[in-house]
1. Using modelled backbone amide H atoms (1.01 Å from N, in-plane), which distant-in-sequence or interchain residues come within less than 5 Å of T169's amide H?
2. Only bridges with both residues in the range 71-206 count here: give the DSSP antiparallel percent, nearest 5.
3. How long is the gain from L139 to Q178 if the chain were fully straight, where each residue apart is worth 0.36 nm and the alpha carbon distance is subtracted?
4. Quick one: what are the phi-derived ³J(HN,Hα) couplings along the range 111-116, Karplus 6.51/-1.76/1.60 with θ = phi - 60°, whole Hz, x for glycine and proline?
5. Sort S102, S92, S179 by Cβ crowding within 10 Å, fewest neighbours at the top.
6. What are the residues whose amide H is under 5 Å from the amide H of F160, where those residues sit 5 or more places off or on another chain and H is modelled from the backbone?
7. Only loop residues by DSSP count here, and only those with at most 16 other Cβ atoms within 10 Å; note down the chymotrypsin sites (Phe, Trp or Tyr not before Pro) in the range 137-207 that meet that.
Amino acid sequence: MQSSDRRRFLGLLACAGTAAGLFGAHPAFAALDEQRDPDPLRDFVPDSEDRPRLLRRISALRTRRWQDHFDSIAMGAILCDTNDRVLHFWDSDGFYRIYPTSVPMTGDLTRRGRTEVTLKRPAPEWRPTENMLKRNPDLPRYVPPGPDNPLGVRALNLGFPGAYRIHGTNDIRKIGRQSSNGCIGLFNEHIIEVYDRVRVGTPVLLI
């Protein structure tokens, strides 16, 4: 991590109070206070050419209180912020983390409002919607689970009408950008972490 990025990130932690309050009890942060780990976000933001940009974006983010958006986190809670391009996840055991995401390409494709997780898909297959095919007729009609699947390694279906999901991606260039057809995309490492904790019925708010 560049020194300027590290100073900005450490400044955010000072404002937030603790590293755990921002990203949960991630083991990469255990060494931060002791100054032994030169890159405490190594396991949080996967290495890529976009990593410096994502680190700058994350370091400028503010934490949120679940009480400002949900009545309870007994089932956990997910807040997707399409302006900041991040997902906030709270679990009932006190776990809280912020994940960088991709967001829809245009306002017309963006759904906002309250819904919930309706289905957990451990190895999602993918089919384009009719609207996707209208925008791009060259899209494949079906992609099986695997390394080429646009939904990555996990997917969470949402209760909105249509094919709206929170899912992984095998194209990490999309993270932090307006690049999706309506869904919220995460790094595969991050969707696995959310998937393992979330339940069918977990409330979701998109803003």
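1. Under 5 Å from the amide H of T169 lie the amide H atoms of V153, L186, N188, each far enough along the sequence or on another chain.
2. 70
3. Taking 0.36 nm per residue and subtracting the Cα distance, the gain is 12.1 nm.
4. Rounded to whole hertz, the list is 9, 10, x, 9, 7, 8.
5. Starting with the residue having the fewest Cβ neighbours, the order is S92, S179, S102.
6. For F160, the qualifying residues are E116.
7. Sparse-neighbourhood loop chymotrypsin sites (Phe, Trp or Tyr not before Pro): Y142.
None of the figures in this text is laboratory data; all of them are computed from the coordinates on show. These numbers were taken from a predicted model, which means no experiment stands behind them. Note that each Cβ is placed from the backbone with ideal geometry, even for glycine, and that neighbours are counted across all protein chains shown.
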